[in-house]
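Heads up, the thing below is written out as structure tokens.
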Amino acid sequence: MRREDIADLTIFLAVAEEGSFTGAANRLGLSQSGLSHSIRRLEDRLGLRLLVRTTRSVAPTDAGERLLEILQPAMNGIEGRLAELTALRQTPAGTIRISTSEHAAQAILWPAVDRLIAKYPDIVVEICTDNGFIDIVADRFDAGVRLGEQVQKDMIAVRIGPRMRMIPFASPHYIETHGAPLTPHDLARHRCINLRFTNAGGIYAWEFEKQGRAMHVKVEGPLVFNRTPLVIQAAIAGHGIGFLLEDAVAPWIQKGALVPLLDDWCEPFDGYFLYYPSRRHSSPAFKLLVDELRYRERDAPAAHDRES
């Protein structure tokens, strides 16, 4: 196989995974015209049409799908082996891509990354924030950070934070005007600020628990956001009741700008976990990050890592 064949296959894989020539060009640092030329050359050489182009997207044909099934595991294997070579370096190096929510990035991930890159300047960490649920394998992330209850069971999960809880909250002005709910059922008569998960597209149903009794409540109100800071701003402005992690709104509660509600219905649950599909090809850099993030508080309630 010629070198240009490998290059063309790599370009095809990037275009197919990104679903666009623009995304693939940004990912590879090449021009779109160069990518188009490479794809035409590969299709001519194989005598097959591999991609269907529309005005908005690019999708693989049946032949393209079959080629993807060959290339993706092969490329993943090559990347894993290349990562293992960094173990031969005296100084750990490499790039680690992580998908996480905004709050986890600021509260948990960034402090650990700050310490890590200060110790190992040749390590590169790419943090992508998204409040939706993504496929970290398909989107080529090394790992993701989410709440424990949101981590798929087939993933290796490492606990990286304390137990947390979700709480409803509102401004003093809202409570003075509309009153405070006494039970989750009372939220039906209140103006609530909803949160939509980006990728899944669904609006989050608020979850409550008291003495083993769980309750999911779908609320309504004048505002829907897909970013948690906007929920906080809207609640402070008096537009309704929000519902987020207590840790995310604690500074505004301490200042008196927000008031927590329904405290006895807000039970703690396992907090953030780092999750990833396999340790088989974990690079030294990734292992160092896992160790930096691992939660070690002696008195933490039982919440075990899934590392088998």
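The values are calculated or read from the model by the stated rules, or taken from the named source; none is laboratory data. Just so you know, these numbers come straight off a predicted model, no measurement behind them. Quick reminder, even Gly has a Cβ in these numbers, built from the backbone with ideal geometry, and neighbours come from all protein chains shown. The protein model used for the area step is the full one, side chains on, heavy atoms only, and it has no ligands, DNA or RNA in it. Shrake-Rupley method; radii C 1.70, N 1.55, O 1.52, S 1.80 Å.
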Note down the magnitude of the dipole of the chain about its Cα centre, charges +1 on Lys and Arg C-beta and -1 on Asp and Glu C-beta and zero elsewhere, to the nearest 20 debye. 440 debye
Ignoring any ligand, DNA or RNA, what whole percent of the accessible area of the range 175-278 comes from carbon and sulfur when the probe is 1.4 angstrom? 51 percent
What is the helix-to-structure angle for 110-119, meaning the angle in degrees between its Cα long axis and the longest Cα principal axis of the chain, kept from 0 to 90 and rounded to the nearest 10? 50 degrees
Total charge of the residues flanking Gly242 in space, meaning their Cβ is under 13 Å from its Cβ, with Lys and Arg +1 and Asp and Glu -1, is +1
Pull up the cross-link candidates among the lysines for Lys119, meaning alpha carbon to alpha carbon under 27 Å and not fewer than 8 places away within one chain. Lys287
Could you tell me which of rounded, prolate or oblate describes the range 162-266, using a ≥ b ≥ c as the square roots of the eigenvalues of the alpha-carbon gyration tensor, with rounded for a/c under 1.5 and, failing that, prolate when a/b is larger than b/c and oblate otherwise? rounded
Would you grab the residues whose amide H sits under 5 Å from the one on Ala93? Only those 5+ places off in sequence or on another chain, please, with H modelled 1.01 Å from N. Ala285
Which aspartates and glutamates have a Cα less than 19 Å from the Cα of Lys255, not counting those fewer than 8 places away in the same chain? Glu176, Glu246, Asp247, Asp263
In Å², rounded to a whole number, the accessible area per residue of the chain with probe 1.4 Å is 55 Å²
Net charge over other residues, Cβ less than 13 angstrom from the Cβ of Leu67 (K, R count +1; D, E count -1): -4
Which residues' amide hydrogens lie under 5 Å from the amide hydrogen of Asn226, considering only partners 5 or more residues apart or on another chain, with H built in the peptide plane? Arg196
Which net charge results when you count Lys and Arg as +1 and Asp and Glu as -1 among the other residues whose beta-carbon is under 12 Å from that of Cys192? +1
Measuring from centroid to centroid over Cα atoms, what is the spacing of the range 15-75 and the range 95-130 in Å? 31 Å
Report, to the nearest 10°, how far helix 3-18 tilts away from the longest principal axis of the Cα atoms in the chain, using its own Cα long axis and a range of 0 to 90°. 20 degrees
Relative to the longest principal axis of the C-alpha atoms of the chain, give the angle of the C-alpha long axis of helix 62-85, reported between 0 and 90° and rounded to the nearest 10°. 80 degrees
The chain: antiparallel DSSP beta bridges as a percent of all, rounded to 5: 65 percent
Straight-line reach from Lys210: which lysines have a Cα under 18 Å away, not including same-chain ones fewer than 8 places off? Lys218
If I histogram all Cα-Cα distances within the chain using bins 10 Å wide from 0, what percent of pairs lands in each bin? 5, 22, 26, 22, 16, 8, 2, 0
